[in-house]
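Engineer: Attaching a single structure in structure tokens format; questions to follow.
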Amino acid sequence: MHPWISDRAGSFDSSGIRRVFDLAAKLKDPINLSIGQPDFDVPDEIKAAAIDAIKSGKNAYSPTQGIEPLRERLQSEVAGKYPGHEDRDVFVSSGTSGGLMLSMLSMINPGDEVIYLDPFFVMYPALVQMCGGVPVPVDSYPDFRLDAAKIEAAITPRTKMILLNSPANPTGVTATAEELKQVAELAAERGIAVVSDEIYSQFHYDDEFVSPATYNDQTIVIDGFSKSHAMTGWRVGYVHGPSEVMNAMLKLQQYSFVCAPQPAQWGAIRAMEVRLDGFLADYRRKRDLVVEGLKDYYELTVPGGAFYVFPKAPVESGSAFVEEAISRGLLIIPGNIFSSRDSHFRISFAAPDETLHRGIELLRQLAKR
Ligand code: PMP
């Protein structure tokens with residue numbers, strides 16, 4: 001290792017995912033079911049709003065909390081959703097990732113423990129460790145449910161935060177209102193922070209999305225425009241929660257990200273007016289197509305949201321199975337990227353139907369062998 005690399009940076013390993021992409025780079029016409037973003041493009045009116053912003057000179061830093069019209073709109077949306085949360089403030093972050101990073105930096109002291117479900121979004125353990133915290137993954141196999149009893153069993157005197165993600169990456173599983181209520185109330189009783197990563201909140205297919213903030217007014221919610229409006233490269237997210245915590249996060253944002261890109265924030269205002277029903281209905285249909293296509297061939301949990309399915313591999317090693325799939329031209333992600341277990345794999349159904357049909361066909365062949 002280069003002598004300048006910090007222990008912090010040196011301690012991370014991203015070789016698993018890189019290995020997948022190296023293998024993929026060799027493929028000519030891959031069936032790509034690995035992508036973690038929508039397959040539609042940013043709606044035109046949002047593009048136009050950002051272009052207008054650039055052309056009319058809105059290119060400077062914005063206030064660190066975000067441009068006022070966007071922040072105000074978000075604040076009034078949040079106030080409407082959480083009446084009675086007198087102390088709930090909103091700010092605009094540099095993507096959901098920026099919000100997650102700031103939430104760790106502003107709340108986690110060295111040695112503090114952060115509980116989250118395994119399988120988990122890849123960034124979670126890395127972010128916790130970057131801040132000197134201790135990741136405490138709670139095994140949620142085989143059905144990936146949020147079980148308050150398991151969360152409670154993982155709590156110690158050092159537990160500082162419970163990090164929730166529903167709908168979840170990589171499983172697509174959505175927590176029920178009752179499950180969220182139990183965990184939210186448990187955290188409130190024990191004085192533990194709840195951080196809710198709601199980036200997939202719009203992709204909720206079978207019932208209404210519910211936030212743990214409904215049951216615990218101290219919940220810190222992180223959401224953004226990346227997935228809902230296919231704006232992953234624009235880096236606009238937002239965070240809301242108790243004002244003192246938001247102020248701490250803003251202080252750190254000022255000294256790090258500074259602000260979300262200003263033209264993209266003007267695009268985000270327009271995005272708040274765009275109806276997503278058509279896209280979402282299409283994604284529900286894609287979910288059904290993949291589940292129908294695979295359910296007789298693989299052990300899988302039907303995802304209630306996001307755009308992922310997380311089936312069990314038909315052989316012992318999920319990563320060996322994924323290598324086999326990739327060698328046959330199908331790009332999927334091994335479950336051990338998101339988990340301490342290596343038994344499953346992630347499919348993204350944010351792909352054109354034709355790609356989904358080809359992928360299902362190949363997965364059926366692979367299951368039979
Ligand atoms: N949280 C989860 C669960 C995600 O899947 C992702 C994107 N893959 C993010 C956060 C990051 O999103 P953003 O582009 O807003 O940083």
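The values are calculated or read from the model by the stated rules, or taken from the named source; none is laboratory data. Since the model is a prediction, treat every value here as computed from it, not as a measurement. Cβ sites come from the backbone with ideal geometry, for glycine too, and all protein chains shown count toward neighbours. Quick note on the areas: whole protein, heavy atoms, side chains included, nothing else; ligands and nucleic acids left out. Shrake-Rupley method; radii C 1.70, N 1.55, O 1.52, S 1.80 Å.
Engineer: Name the one entry in E198, E189 that is over 30 Å from D41 (Cα atoms) and free of Cβ contacts under 8 Å to residues at least 40 places away in the same chain. So that I can check it myself, show each step before the final result.
Structural biologist: Details: E198 fails: over 30 Å from D41 (Cα atoms).
Just one listed residue meets the conditions, E189.
Engineer: Let me ask something additional. In region 309-317, is there at least one residue being in a strand (DSSP E or B) and buried (at least 21 other Cβ atoms within 10 Å of the Cβ)?
Structural biologist: If we filter region 309-317 for residues that are in a strand (DSSP E or B), which is where we start, we get 309, 312.
Add one more test, that the residue is buried (at least 21 other Cβ atoms within 10 Å of the Cβ), and what stays is 309.
For region 309-317, residues in a strand (DSSP E or B) and buried (at least 21 other Cβ atoms within 10 Å of the Cβ): present.
Engineer: Being closer than 30 Å to P125 by Cβ and open to solvent by 20 Å² or more (accessible area, probe 1.4 Å) narrows it down to one of S348, S339, S327, so name that one.
Structural biologist: Working: S348 fails: open to solvent by 20 Å² or more (accessible area, probe 1.4 Å); S339 fails: open to solvent by 20 Å² or more (accessible area, probe 1.4 Å).
Going through S348, S339, S327 in turn, just one is closer than 30 Å to P125 by Cβ and open to solvent by 20 Å² or more (accessible area, probe 1.4 Å): S327.
Engineer: Take D89 and tell me if it is in contact with a strand residue (DSSP E or B) (Cβ under 7 Å, 6 or more places away or on another chain) and open to solvent by less than 40 Å² (accessible area, probe 1.4 Å).
Structural biologist: So D89 does not fit the description; no.
Engineer: Okay, moving on. W266 versus (1) touching a Phe, Trp or Tyr at 6+ places or on another chain (Cβ under 8 Å); (2) away from the ligand (no atom under 16 Å from the Cβ); (3) not polar (S, T, N, Q): which is the lone unmet condition?
Structural biologist: Among (1) touching a Phe, Trp or Tyr at 6+ places or on another chain (Cβ under 8 Å); (2) away from the ligand (no atom under 16 Å from the Cβ); (3) not polar (S, T, N, Q), W266 violates only (1).
Engineer: Follow-up question, since we're still on this one. Check whether at least one residue in region 111-129 is over 15 Å from S339 (Cα atoms), assigned to a loop (DSSP other than H, G, I, E, B), outside the structural domain of I17 (by TED's automatic domain parsing) and modelled with pLDDT of 95 or more, and report yes or no.
Structural biologist: yes
Engineer: Of the numbered conditions (1) away from the ligand (no atom under 16 Å from the Cβ); (2) under 30 Å from K26 (Cβ atoms); (3) modelled with pLDDT of 95 or more, F307 fails exactly one; give the number of that condition.
Structural biologist: Failed condition: (1).
Engineer: Could you check region 252-261 and list, in sequence order, the residues that are within 26 Å of H85 (Cα to Cα) and touching a helix residue (DSSP H, G or I) at 6+ places or on another chain (Cβ under 8 Å)? Break it down into steps so the answer makes sense when it comes.
Structural biologist: The first filter runs over region 252-261 and keeps only residues within 26 Å of H85 (Cα to Cα), leaving 252-254, 259-260.
Correct list: L252, Q253, C259, A260.
Engineer: Here's a follow-up. Counting only residues that are more than 15 Å from the ligand (Cβ to nearest atom) and β-branched (V, I, T), how many does region 86-145 have?
Structural biologist: 6
Engineer: I need the full set of residues from region 52-78 which are part of a loop (DSSP other than H, G, I, E, B) and of a type in the set (G, A, S), in order please. Lay out the reasoning, then the answer.
Structural biologist: Our first condition is that a residue be part of a loop (DSSP other than H, G, I, E, B); within region 52-78, this holds for 56-67.
Within region 52-78, S56, G57, A60, S62, G66 meet the criteria.
Engineer: Right, here's the next one. Kindly indicate whether A271 is among the aliphatic types (A, V, I, L, M) and out of contact with any strand residue (DSSP E or B) (no Cβ under 8 Å at 6 or more places or on another chain).
Structural biologist: Values: among the aliphatic types (A, V, I, L, M): yes; out of contact with any strand residue (DSSP E or B) (no Cβ under 8 Å at 6 or more places or on another chain): yes.
So A271 passes the test.
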